[in-house]
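Heads up: the structure comes next, in structure tokens.
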């Protein structure tokens, strides 16, 4: 059958009625994913793991943890940990899922799921340049709430798990001084990372209080 002659509204009704369009976990299989970004912007979440350490000058320094990617167009580059929010999935559950799937780590949200430190928009470039107010994602138009998370000290990163498609090959910690240059980052995420560190420094007392209680 030539699907080209079938009206789009008929195809839409057929697709939304298919039981295999969306999986039970609210996500789409890779062979169906092309439909999702074609419809409109994709809701995502991102996060940086934060540690607050004593500095040599008796002050405090904020250190952030990010991954070195193993997959996609930015393989080998640094990136925040996160991704797509599944259908009917909460922001907190989405963050928990991505960190567990990619790194085998359990996280806490010291500021709460409803207090992201910033929002970011991503899209393919237009005429070789980023669109105004957008970071570069060559694959889709999306928006992401960006959060601070914390980790318990006794956890070990597991890169062997295939739950997350082996997305990460490394988990690295940097502060504002040691942060690698833009060329080391994917998705224009360096400035976002530095912004998260700055906000974490401003919220240091709230984060430390949360860690002391939990």
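A few comments on the model shown:
- Condition check for residue 71: within 15 Å of residue 193 (Cβ to Cβ) and either at pLDDT below 95 or in the same structural domain as residue 198 (by TED's automatic domain parsing) (or both): no
- Every condition in (1) at pLDDT 95 or above; (2) surrounded by fewer than 15 Cβ atoms within 10 Å (Cβ to Cβ) is met by residue 57 except one, and the failing one is (1).
- Filtering segment 136-158 to residues that are under 18 Å from residue 168 (Cβ atoms) and free of Cβ contacts under 8 Å to residues at least 60 places away in the same chain leaves 137, 155, 156, 157, 158.
- Number of the exception - residue 176 against (1) in contact with a helix residue (DSSP H, G or I) (Cβ under 7 Å, 6 or more places away or on another chain); (2) buried (at least 20 other Cβ atoms within 10 Å of the Cβ): (2)
- Some residue of segment 89-103 being touching a helix residue (DSSP H, G or I) at 6+ places or on another chain (Cβ under 7 Å), within 26 Å of residue 145 (Cα to Cα) and either loosely packed, with under 10 Cβ neighbours inside 10 Å or at pLDDT 90 or above (or both): no
- Qualifying residue in segment 53-67 (condition: in contact with a helix residue (DSSP H, G or I) (Cβ under 9 Å, 6 or more places away or on another chain) and more than 15 Å from residue 197 (Cα to Cα)): yes
- Residue check, residue 31 surrounded by fewer than 18 Cβ atoms within 10 Å (Cβ to Cβ) and either touching a residue at least 60 places away in the same chain (Cβ under 8 Å) or not assigned by TED's automatic domain parsing to the domain that holds residue 137 (or both): yes
Residue-by-condition table, conditions (1) within 23 Å of residue 182 (Cβ to Cβ); (2) touching a strand residue (DSSP E or B) at 6+ places or on another chain (Cβ under 7 Å):
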residue	(1), (2)
37	no, no
41	no, yes
46	yes, yes
54	no, yes
62	yes, yes
76	yes, yes
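- Residues satisfying the stated conditions in segment 185-199, i.e. within 17 Å of the chain's Cα centre (by Cα) and either under 17 Å from residue 63 (Cβ atoms) or surrounded by 15 or more Cβ atoms within 10 Å (Cβ to Cβ) (or both): 185, 186, 187, 188, 189, 190, 192, 193, 194, 195, 196, 197
- Yes/no for residue 26 being part of a loop (DSSP other than H, G, I, E, B), surrounded by fewer than 17 Cβ atoms within 10 Å (Cβ to Cβ) and in the same structural domain as residue 152 (by TED's automatic domain parsing): no
- Single residue of segment 104-129 satisfying the filter (out of contact with any helix residue (DSSP H, G or I) (no Cβ under 9 Å at 6 or more places or on another chain) and closer than 19 Å to residue 193 by Cβ) that is surrounded by the fewest Cβ atoms within 10 Å (Cβ to Cβ): 119
- Strands (runs of 3 or more DSSP E) (entirely within segment 118-210) containing at least 1 residues that are modelled with pLDDT under 90: 168-174
- Checking each residue of segment 124-135 against the condition of being in contact (Cβ under 8 Å) with a residue 40 or more places away in the chain and under 22 Å from residue 42 (Cα atoms) gives at least one match.
The values are calculated or read from the model by the stated rules, or taken from the named source; none is laboratory data. On a predicted model such as this, the values are computed, not experimentally measured, just so you know. All Cβ positions, glycine included, derive from the backbone under ideal geometry; neighbour counts span all protein chains shown.
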